[in-house]
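A quick write-up on the structure given underneath.
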Amino acid sequence: MEEILIELHVRKTIHTTNVDEILDINIKIPKYGFVTFFGKSGVGKTTLLKIIAGLTKPDSGYIKVGNEIWFDSTKKINIKPQQRNIGFVFQDYALFPNMTVKEHLLYAQPQKETKYVSELLDVFHLKGLCQRKPDKLSGGQQQRLAVARALARKPQILLLDEPLSALDSETRQLLQYEIIQAHKNFHATTLLVSHDVNEVFKLSDFVYVIENGKIQKQGNPDDVFNSTRLTTNIQLEGQILNIEKNVLIVSINNTVTEIITTEEEISNLKVNDKILITVKATNPVIRKLTDIEISKVTYFPM
């Protein structure tokens, strides 16, 4: 039987421009699990991470981590964020502009462990960038640094708030690989916020789907998504680069392609529009990728 690390039952009113939403979550999370909170924007996924981190106070409920109470509204217990053994990676990275890569990792540690810092630099391919400051790093390198810094203090719980949403698809795939390797190597219980089904399948052991302020579905990714999303259609997101009569020139995952359309389909479209393309998967051409092709797609140093 899995050892439970986090027991959480909280209620929180989320104020929005349209209507107030009541977030009412009751979950148990196993030690060393990789768990994703999945759902549309605004359902309370990030709020839930902030509640666990102590950055947002629930209206009521409790949070128990191991044998320690982090929050209990009835007993007036609310442990400060700095006393909670967590690492948090925000969407905006929150890096210090005046610190080098190595200084970020050393600063995050309660006790300086240069060997452990060296391990983090290796896992996230930052060793050759030790003396660079954030403005001299690419977006992918900044994200690597943000995750490495969060792990530098050896947290019980690693919180990832859509950390890869601003990256291109190739960099995103590489960092997904590095995050799962770090999760395995450094033994943190990892909680991810995402609305990307592909990312959830690739990274998660368990998924909680949040809708209308509550957990509507839960289970491993295959059970949660395949039961409702199994289809013979393939959907691709693209952006229109040009329109020539009834032909769209579209960028799909950095590949430019032509799509023949009808006058009716094209009538309300313009250059730079983002579109969803649905095609049947009943007669696909399938070819196994070579190792060289896979390495080009899934792994390259940044």
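Any read-out appearing in this document is the output of simple, stated calculations on the displayed coordinates, not a laboratory observation. From a predicted model like this one, the values you see are computed outputs, not experimental measurements. A quick note on method: Cβ atoms are made from the backbone with ideal geometry, for glycine too, and the neighbour counts reach across all protein chains shown.
How far apart, in nm, are two points set 7 Å out from the Cα along the Cα-to-Cβ line at residue 267 and at residue 184?
So the two model labels end up 5.4 nm from each other.
Exposure proxy check: 256, 209, 250, 101 ranked by fewest other beta carbons within 10 Å? If you can, show how the numbers build up before the last one.
Working: 256 11, 209 19, 250 22, 101 28.
Exposure proxy ranking, most exposed first: 256, 209, 250, 101.
Please list, in order, the residues from region 247-265 whose amide nitrogen is less than 13 Å from a point placed 7 Å along the Cα→Cβ vector of residue 237.
Once the point is set 7 Å along Cα→Cβ of residue 237, 252-254 turn out to lie under 13 Å by backbone N, inside region 247-265.
Give me the number: length gained by fully extending residue 197 to residue 18, i.e. 0.36 nm times residue separation minus the C-alpha to C-alpha distance, one decimal in nm. Spell out each step's value before the answer.
Working: separation 179, 0.36 × 179 = 64.44 nm, distance 2.69 nm.
Between residue 197 and residue 18, full extension yields 61.7 nm more.
Starting from the Cα of residue 280, draw a straight line to each of the lysines and keep only those under 25 Å, dropping any in the same chain fewer than 8 residues away.
Candidates past the 8-residue exclusion: 202, 245, 270, 288.
Going by C-beta contacts inside 10 Å, put 236, 192 in order with the fewest on the left. Numbers along the way, then the final one.
Values: 236 14, 192 27.
Ranking 236, 192 by Cβ neighbours within 10 Å, fewest first, gives 236, 192.
Taking a ≥ b ≥ c as the square roots of the Cα gyration tensor eigenvalues, with a/c under 1.5 meaning rounded and otherwise prolate when a/b beats b/c, else oblate, which class fits region 116-238? Write down the numbers at each step before the final one.
Working: a/c = 2.45, a/b = 1.67, b/c = 1.47.
It comes out prolate by the Cα gyration axes.
Using a cut-off of 15 Å between beta-carbons, work out the net charge of the residues near residue 242 (Lys and Arg +1, Asp and Glu -1, residue 242 not included).
Numbers: positive: 245, 270, 274; negative: 244, 258, 273.
Summing Lys/Arg as +1 and Asp/Glu as -1 gives 0.
Which residue, 238, 54, 87, tops the fluctuation ranking in a GNM of the chain built on C-alpha contacts under 10 Å?
238
Select from 84, 132, 287 the residue whose mean-square fluctuation is largest in a Gaussian network model of the chain (Cα-Cα springs shorter than 10 Å).
In this elastic network of the chain, the residue with the biggest mean-square fluctuation among 84, 132, 287 is 287.
Determine, for 278, 190, the number of other Cβ atoms within 10 Å of each Cβ, and report the residues in order from fewest to most.
Working: 278 9, 190 26.
Least to most surrounded, the residues fall as 278, 190.
To the nearest 0.05, what FRET efficiency results for residue 260 and residue 288 with a Förster distance of 25 Å applied to their C-beta separation? Kindly include the intermediate steps, with their values, before the conclusion.
Values: r = 29 Å, r/R0 = 1.17.
Efficiency, from the Cβ-Cβ distance: 0.30.
Over the alpha carbons of region 89-185, what is the largest minus smallest coordinate on each principal axis, giving the biggest first in Å?
35, 29, 21
Please work out which option in (1) 30, 21, 18; (2) 32, 26, 19; (3) 36, 27, 19 gives semi-axes √(5λ) of the Cα gyration tensor in Å calculated from these coordinates, and answer with its label.
(3)
Determine the calculated [θ] at 222 nm for the chain from helices alone, applying -39500 (n - 2.57) to every DSSP H run no shorter than 4 residues and normalising by the residue count; nearest 500 deg cm²/dmol. Don't skip to the end; give the middle numbers.
Working: 9 runs with 87 residues, N = 302.
It comes out at -8500 deg cm²/dmol, rounded to the nearest 500.
Quick one: plug the Kirkwood hydrodynamic radius of region 233-280 (C-alpha pairs) into Stokes-Einstein at 37 °C, 0.692 mPa s, and report D in µm²/s. Walk me through the numbers before you get to the answer.
Numbers: Rh = 10.8 Å.
Approximately 305 µm²/s, per Stokes-Einstein.
Any aspartates and glutamates with Cα under 12 Å of the residue 76 Cα? List them, leaving off those in the same chain fewer than 8 positions away.
Excluding near neighbours in sequence, the set is 59.
Using Cα positions and a limit of under 25 Å, work out the lysines in reach of residue 127, with same-chain residues fewer than 8 apart set aside.
Within the straight-line cut-off, residue 127 pairs with 102, 112, 115, 136, 154, 184, 296.
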